[in-house]
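The values are calculated or read from the model by the stated rules, or taken from the named source; none is laboratory data. Everything numeric in this text was worked out from a predicted model, so none of it was measured. Ideal geometry is used to build each Cβ from the backbone, glycine not excepted, and the neighbour counts take in all protein chains shown. Note: areas computed on protein heavy atoms with side chains; ligands, DNA, RNA excluded. Shrake-Rupley method; radii C 1.70, N 1.55, O 1.52, S 1.80 Å.
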Amino acid sequence: MFGGALSSPKERDNVARIQKQLSLAATIEKIAIVDHADVHLNIPDKGPFERKSSPPSASVLLTLRDGSQLSDQQASSIASFVAFAVEDLAPESVQITDRDGRSYTVPDEQVGQIASQVEYIAQAERKLAEKAESQLLQFLGYGNASVQVSLDMTFTQGSKKITKYDSKGAVPSQEDLQSETTTNVQPAPVGPAGVASNLNASAGANGKNGVESKSENIKTTYLVPITEETSANSTPIRNFLTVSVLVNSEAPGVKQEDGTLMPDLAETINQTVKNAVGFRDDSDTISVKIVPFSEPLFTQAEPVASFDWTKITSIVEKGSLAIAALLAFVLGLMLLRKFGPSSSSRAGRGEGQAAGARSESVSELSRLIKENPEVFAQVVKAWSGADGAKDSGKQNAA
């Protein structure tokens, strides 16, 4: 029924509003923290005889993932997104609520400015404390010093106005046209006839009584586009700084052999921290206390013993020797068969056949050596006792 050809303008507006609500909800659900979103728009109808109408408003109901909570930045982003999608809708008129009943309001400009100033101060204090602790880490060790920094700052508000002129975009706004016409008339003939002065007079009698001149002056006025930009700025001013330093008296290297603290230890820590934070003697204060900590902030765990790979190496070496010995045994059997005593049937053969058999055995042995050079190298080492000599040498050296 809605949106048909015969529907009224109000029905078509309702269909467009519902479609926009669904589109906004689908887009908000793309945020990682949002699981589901419902958007309701309140756009008042403006009658034909109404000059003013109430401003639009919107409400957003969110289902967040894992029971999380929106931050101020996320709430401001959602409100701005909905406001820019609806004409004349201000971000402050967007009410955001989650399923747990928490309401999120967009902070005004002043509240947001104060929050940013507090965050700026906290970040500056954190950076100064980290700089001081990194300096103390060099001779006190990790976890043996704690530095707290407190800053007192004020922010001066100002504004800057910039005016820009665009000469390329000049547009003519007014033109003044001034026209002037001048006619020069020749004088009447003077003197007797035939005088040269009368020649011009006779020319004037023929219709050329004078010379007419015309001049036009055009004055054009241009409008040059002007852009004025006004930007507000906030300048932080540091008033004074307070530093508190705690040092562990049980840290290694801070005591002498008799158990007393190192001389000038407090002064060394004092100067180190001052240089790190940019201390000003005329306005800043610092306190250094050397006391035993209740428990160490950092305990270095003993390194876990790594696996002894030498055992695996020895096992592999022994396994390779066993395999080499087995192969050597098989090859030895094969060679013994080749060089074994001849049977009674071979006794009657000639020396030529024995020589041929020996040559075949030698060639077979050569072939086996070429195919398995590593095995024969192990066999030679085992027969020569080279490995045993190495092991006995190692034992003697040990």
**Asked** I43 passes all but one of (1) modelled with pLDDT of 90 or more; (2) open to solvent by 40 Å² or more (accessible area, probe 1.4 Å); (3) of a type in the set (V, I, T); which number fails?
**Response** (1)
**Message:** Which condition from (1) closer than 28 Å to S116 by Cα; (2) under 29 Å from the mean Cα position of the chain (by Cα); (3) at pLDDT 90 or above is the one that D98 breaks?
**Reply:** (2)
**Message:** Given the criterion touching a Phe, Trp or Tyr at 6+ places or on another chain (Cβ under 9 Å) and of a type in the set (A, V, I, L, M), identify the matching residue among A170, A129, A145, A124.
**Reply:** A170
**Prompt:** Can you find a residue in the range 204-211 that is surrounded by fewer than 10 Cβ atoms within 10 Å (Cβ to Cβ), modelled with pLDDT under 75 and more than 30 Å from S150 (Cβ to Cβ)?
**Reply:** yes
**Residue within the range 89-109 that is in contact (Cβ under 8 Å) with a residue 40 or more places away in the chain, surrounded by 13 or more Cβ atoms within 10 Å (Cβ to Cβ) and part of a helix (DSSP H, G or I) present** = no
**Request:** Taking D66 as the residue in question, decide whether it is touching a helix residue (DSSP H, G or I) at 6+ places or on another chain (Cβ under 8 Å), closer than 29 Å to T27 by Cβ, free of Cβ contacts under 8 Å to residues at least 40 places away in the same chain and open to solvent by 80 Å² or more (accessible area, probe 1.4 Å).
**Result:** no
**Fill in**
Within the range 116-143, the residues that are in contact (Cβ under 8 Å) with a residue 40 or more places away in the chain, open to solvent by 70 Å² or more (accessible area, probe 1.4 Å) and closer than 23 Å to Q73 by Cα are Y120
**Item:** Among residues of the range 231-272, those that are at pLDDT 90 or above, open to solvent by 80 Å² or more (accessible area, probe 1.4 Å) and part of a strand (DSSP E or B), counted
**Value:** 1
**Item:** Selection from the range 273-312 of residues that are modelled with pLDDT of 90 or more and hydroxyl-bearing (S, T, Y)
**Value:** S283, T285, S287
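Before we move on, is A79 open to solvent by less than 60 Å² (accessible area, probe 1.4 Å), farther than 25 Å from V245 by Cβ and either in contact (Cβ under 8 Å) with a residue 40 or more places away in the chain or not in a loop (DSSP other than H, G, I, E, B) (or both)?
Values: open to solvent by less than 60 Å² (accessible area, probe 1.4 Å): yes; farther than 25 Å from V245 by Cβ: yes; either in contact (Cβ under 8 Å) with a residue 40 or more places away in the chain or not in a loop (DSSP other than H, G, I, E, B) (or both): yes.
It is true that A79 is open to solvent by less than 60 Å² (accessible area, probe 1.4 Å), farther than 25 Å from V245 by Cβ and either in contact (Cβ under 8 Å) with a residue 40 or more places away in the chain or not in a loop (DSSP other than H, G, I, E, B) (or both).
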